[in-house]
Amino acid sequence: QVQLVESGGGLVQAGGSLRLSCAASGGTFSSYTKAWFRQAPGKEREFVAAISWSGGITYYADSVKGRFTISRDNVKNTVYLQMNNLKPEDTAVYYCAANPAPRTQQRVYEYAYWGQGTQVTVSS
């Protein structure tokens, strides 16, 4: 059974940092593009960052550029999201996702595999 399991969420003050992890099991994801999305209450799920299977190409939403860094370890089958200088507007449930070859990397419908999400709350 394919599973993506996120961890690392929590409560942090504005300006602080968190590192999210997403471990994959039950399948071979080393050749898949992996991404992070987030969903705030009452809002649609939105793209945050994506990384190619080799880790050589990364994509970021404008709102997180320069603050967030996506990386991956294919040996551990894990993708990470380092979040620095967090802002209250970053508060959301963060989801990791995986798919073999998403065309734009930024659309929810392009990803077949999803984790259950981890809550990130940034206080002002």
Inset, instruction - At 0.36 nm per residue, minus the direct Cα-Cα distance, what do ARG103 and ALA14 gain on full extension? Give it in nm, one decimal, please. - result: 28.6 nm
Inset, instruction - Leaving ligands, DNA and RNA out of it, rank GLU46, GLU89, GLU110 by accessible area with a 1.4 Å probe, largest first. - result: GLU89, GLU46, GLU110
Inset, instruction - Over the alpha-carbon set of the chain, work out the extent along each principal axis and list the three values in angstrom, largest first. - result: 40, 28, 24
Inset, instruction - Would you mind counting up the charge near SER63? Only other residues with Cβ under 12 Å from its Cβ, with Lys and Arg at +1 and Asp and Glu at -1. - result: 0
Inset, instruction - State in Å² the accessible area per residue of the stretch 37-101; use a 1.4 Å probe, count heavy atoms of protein chains only, and round to the nearest integer. - result: 49
Legend entry - Taking the chain and dividing mean pair separation by its residue count, relative contact order in percent (alpha carbons under 8 Å, at least six apart): 35
Legend entry - Cα-Cα P(r), the stretch 1-55, percent of pairs per 5 Å interval: 4, 14, 19, 26, 21, 10, 6, 1
Inset, instruction - Calculate one ³J(HN,Hα) per residue across the stretch 33-43 by plugging θ = phi - 60° into the Karplus curve 6.51 cos²θ - 1.76 cosθ + 1.60, and present them in order as whole Hz with x for glycine and proline. - result: 5, 10, 8, 10, 10, 9, 9, 8, x, x, 10
Legend entry - HN-Hα J in Hz across the stretch 112-124 - Karplus 6.51, -1.76, 1.60, θ = phi - 60°, x for Gly and Pro: 8, 10, 9, x, 8, x, 9, 7, 10, 10, 10, 8, 8
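The values are calculated or read from the model by the stated rules, or taken from the named source; none is laboratory data. All figures in this text were calculated on a predicted structure; none of them were measured in a lab. Cβ coordinates were reconstructed from backbone atoms using ideal geometry, including for glycine residues, and neighbour counts include every protein chain displayed. Ligands, DNA and RNA are excluded from the accessible area calculation, which covers all protein heavy atoms including side chains. Shrake-Rupley method; radii C 1.70, N 1.55, O 1.52, S 1.80 Å.
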